[in-house]
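Everything on this sheet refers to the single structure shown next.
Since every read-out is calculated from the coordinates, none of them should be taken as a lab result. Keep in mind it's a predicted model, so treat the numbers as computed, not measured. No Cβ is skipped: glycine too gets one built from the backbone with ideal geometry, and neighbour counts run over all protein chains shown.
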Amino acid sequence: MTASARAQTSTDRRLVATMVVATVACVYPGFLVGAVSVQVSDDFGVTAGHYGWAMSTYFLAATATSIFGGRLVQRIGPRRQLTGCLLLTIVSQSLIAAAAQSFLTMVLLLAVCGAVNALNQTAVNLALTTARLPRLGLAIALKQSGMPSAAMVSGAAVPVLALTLGWRSTFVLGVMLALVALVLVQLFVDLGSIETLRSARPASSRRALGWSLVGGSFLAFAAGGLTSWTVASGVDAGLSEGFAGWMLSLGAAFGIGWRLFWGVRTDAMNTRPYSMAAGLAALGSIGTLGLAYGSAGLHIASTFLAFGAGWAWPVFTNFGIMRANGDAAGSASGVTQMGIYLGVFAGPLTTGWMIDEHGFGAMWLLVGTCMLIGAALTFWIREEF
């Protein structure tokens, strides 16, 4: 390898690492609010159904701003958008930790965090695509590992911080993560050619993007339920609060491993990305349905299967979308990400009501069914990507 090739490889690695940290920093509040649900509910005196609104508001705000974020990043470029997103999440999480004295205040600040995450995701997608990385599939897998990494950190924050220093300290950790990401963005993300981005148009048809939005919403509904209620469901099944938090963390770590496993192979695979996504989602639904039985031992085993297979599908859907749309990946992924946020918005709200009315068993049956529907729709449009 020549000196210039080694330098380019080093640059690419720094960029991918920066995108992973930025992803973790902005999505962390969305996962954290589910991980600390027991502590925050006790503090503010709210039921699971009402608490579902807090988690849903985060993703409702993301749903409302996703398409706008995709269009905006095509006009101002990834670096500027990433910088603004990280500054906003720093301010929002600082206010939650220091000034949220009512449940309503916390919900409103979480909405800001949700909008920021939507804008951040489109910026990350465009930054990776325009970098012309030789192994885009692996880069996407690493970036997608940022989301289960955020869940892993939030799960570990329960026994380490929430149960010792209080749940507010977990948002202070979020501020620190965002500060690190902000520094990395300034160091390793170039401004790029704004004119090239502004003139780019998605190659995927509106029909393809629309059905991807719908299929993704069902899959994200299931993923949202999984991350939101794994801890509380584990406690209901007989696990301690601390152990249930560690199970969320370990399950997320297992999900990261699966994403990286497939990411290493994605670029060389001949199978259509959406076919792989559908197959993994169908397998993950088996683990999700296993959580419905309320057994502590089965809960542990099902958590690993649900997080492993049930969380690997975004590697392939994102790879298909970004590879097909090139310099317009920001605007294209803004459309499809809207479906993801819509599903995750509906997830905590609907599942919280299901828990209040019918218990965790019925809730997990609903989540598993939605994952199967999403897998079927994704397989149906496999030829489009």
Item to check | Using distinct alpha-carbon pairs, which all enter the 1/r mean, Kirkwood radius of segment 37-93 in Å | outcome: 13.5
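Could you work out the relative contact order of segment 3-384? I mean the mean sequence separation of Cα pairs under 8 Å and 6+ apart, divided by the number of residues, in percent. Mind showing how you got there, number by number?
Working: 765 pairs, mean separation 109.5, N = 382.
Contact order relative to length: 29 percent.
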Next on the checklist: Under the rule a/c < 1.5 gives rounded, and otherwise a/b versus b/c splits prolate from oblate, where does segment 192-302 land using the Cα gyration tensor?
Outcome noted: prolate
Item to check | Residue of Thr369, Thr303, Thr63 that the Gaussian network model of the chain assigns the largest fluctuation, springs spanning Cα pairs under 10 Å | outcome: Thr369
Checklist entry - Going by a ≥ b ≥ c, the root eigenvalues of the Cα gyration tensor, does segment 111-153 fall in the rounded group (a/c under 1.5), the prolate group (a/b larger than b/c) or the oblate group? => result oblate
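Write down Rg/Rh for segment 3-384, rounded to two decimals, with Rg from the C-alpha atoms and Rh from the Kirkwood relation over Cα pairs.
Looking at segment 3-384, the ratio lands at 0.95.
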Checklist entry - Between segment 27-60 and segment 171-243, what's the alpha-carbon centroid distance in Å? => result 17
Checklist entry - Which peptide among 138-144, 104-110, 198-204 comes first, and what is the full order, when sorted by highest mean count of other Cβ atoms within 10 Å? => result 138-144, 104-110, 198-204
Item to check | Charge dipole (debye, nearest 20) of segment 3-384; +1 at Cβ of Lys and Arg, -1 at Cβ of Asp and Glu | outcome: 1400
Checklist entry - What ranking do 117-127, 304-314, 282-292 get when scored by the average of other Cβ atoms within 10 Å per residue, highest first? => result 117-127, 304-314, 282-292
Next on the checklist: Given axes a ≥ b ≥ c from the Cα gyration tensor, I'd like to know whether segment 320-385 is rounded (a/c under 1.5), prolate (a/b larger than b/c) or oblate.
Outcome noted: oblate
Checklist entry - Exposure proxy check: His358, His50, His299 ranked by fewest other beta carbons within 10 Å? => result His358, His50, His299
Next on the checklist: Projecting each Cα onto the charge dipole of the chain (Lys/Arg +1, Asp/Glu -1 at the beta carbon, about the Cα centre), which of Ala62, Asn325, Ala346 comes out farthest on the positive side?
Outcome noted: Asn325
